[in-house]
Amino acid sequence: MKIKNKKDVFVWSLYDFANSTYATIIVAFVFAVFFKNVVSEEKPEGDFYWSLGINISMIISAVLNPVCGAIADLSSNKKKFLFFFTLLCAIPTSLMYFTGTGTIFFALLLFILSNIGFQTGMTFYDAFIPEIGTPEEYNKISGIGYAVGYIGSLISVFLVFPLKDNPNLLFLITGFLIILFSLPIFLGLKEKKHNVINEKINYIKYGINKVKNSLKNIGKTPDLKNFLISFFFYIDSVNTIIFFAGIFASTTLGFSITQLAIFFILVQITALIGSLLFSKLGDKLGLLKALNINLFFWVIIILSIFFFVDKDSYVNIAGTEIHLFYIIGSFAGLFLGSTQSLSRALMSKLLPLESKAEFFGFYALMDKTSTLIGPLLFGSVSALSGGDQKLAVLTVGMLFIFGFFFLNKIKTVR
């Protein structure tokens, strides 16, 4: 199936490129390490401050997402809200150039603000999908967005090598790239106007009341309710795997920085392939079946890590010793982007068109709140088991089974 509105889809997808640059450099890779090793001078409390920054930003984003979504639907001003949160992400990111040894609270404040902008802006970005394509195209459009995002992640990783000795400059460049690649969506994508209320109204009060009403409506829509519950569980596992893959590899497997970089590049490449592959499979098999396949293989991946991966688990391929975690991680990458992409496409099909931004707020709410639970579960199991991170991986991975159960209670979308 070919996409009719290719120009708008391309313009829209470049925002995924911008966002992925932030996610890679700031959240997943460079700034996190910089904060621990340089800003907090490798002190033990550095881990606490970093986790505090993540929790504060995710809680605020979780609260803002559904309210902002409702307001955006009412005023048909998704682009204005998206622009505000994009700047909230890009400007503090650029200001990280001025962080350094001892600037803990300044660096933490910049991270909290930028992550709120990053996380909340995605609500408005996702809500454009029903405007740039038909329901039959949602899956492919979502897959294209994630694929472009992983290209952005790959380019970001390669930027790290020439700037590894000057991370502050890398933060400044990252802020610039966020703005640069978000410009097309603001300049080239027209937002559809519908049911705009011209009279003066308290948007905040309306948004809160709308959210309360939406909670009731979600309860009355079994498929939407079951999907959001399912999404809460399985995306919890996916997010925790993203946050702790590097920590697991360095702590349990003893990977060096170079090995971690190679691992990250491999995962990004296979994630790009997976986004495109499952975009086609979603059209052929149906979104629900394609997502079920994803969850099945996630369980296989978790079990493989638990039973077969350790420091010495190398395999010989064509005369070269390769760590098994490279192979399993590359395989997992196929389902990393596709799970997120298929979820976004399925959500687009389930939600009422007139309240798309509002309900995408709840979609994001499930994502953000689950992120608070998964890492805590991983850390608690690891601590209580004397540092057994493999057991922690297994425990978090079991949440996929709960997600699978509720996903298969959906009846109207296949």
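A short reminder: the numbers here are calculations on the coordinates, not readings from a lab. Everything numeric here is computed off the predicted structure, so don't read it as measured data. Cβ: placed from backbone, ideal geometry, glycine included. Neighbour counts: every protein chain shown.
When each of the peptides 314-326, 79-91, 270-282, 110-122 is scored by the mean number of other C-beta atoms lying within 10 Å of its residues, the order from highest to lowest reads 110-122, 270-282, 79-91, 314-326. For segment 211-223, the Karplus equation 6.51 cos²θ - 1.76 cosθ + 1.60, evaluated at θ = phi - 60°, returns couplings of 5, 4, 5, 5, 4, 5, 5, 4, x, 8, 10, x, 5 Hz by residue, with Gly and Pro reported as x.
Ordering I144, A249, L215 by Cα displacement along the dipole of segment 111-250 toward the positive end leaves L215 in first place; charges were set at the Cβ atoms of Lys, Arg (+1) and Asp, Glu (-1).
Distance cut-off 24 Å, Cα to Cα: go down the list K78/K280; K7/K368; K7/K225; K225/K390; K6/K349 and report the pairs above it. Working shown, then result.
Values: K78/K280 29 Å; K7/K368 31 Å; K7/K225 33 Å; K225/K390 32 Å; K6/K349 20 Å.
Over 24 Å Cα-Cα: K78/K280; K7/K368; K7/K225; K225/K390.
Could you list D310, D126, D236, D283 so that the one with the fewest beta carbons within 10 Å of its beta carbon is first and the one with the most is last?
Details: D310 14, D126 22, D236 25, D283 17.
The most exposed by this proxy come first: D310, D283, D126, D236.
For Y314, the residues 5 or more places off, or on other chains, whose built amide H falls under 5 Å of its own are L324. In nm, to one decimal, how far is the A318 label point from the F84 one, both placed 7 Å along Cα→Cβ? Each label point lies 7 Å from its Cα, and together they span 5.4 nm. Simple spin-label estimate for I59 and L180 gives 3.7 nm between the two label positions (7 Å along the Cα-to-Cβ direction from each Cα). Residue by residue, segment 180-191 carries 3J(HN,Hα) couplings of 4, 8, 8, 4, x, 5, 7, 9, x, 10, 8, 8 Hz when phi is fed to the Karplus relation 6.51 cos²θ - 1.76 cosθ + 1.60 (θ = phi - 60°); x denotes Gly or Pro. Here the chain is treated with +1 on each Lys and Arg Cβ and -1 on each Asp and Glu Cβ, and its dipole about the Cα centre works out to around 1620 debye.
Here the calculated FRET efficiency for L169 and F402, from their Cβ-Cβ distance with R0 = 30 Å, stands at 0.10, rounded to the nearest 0.05.
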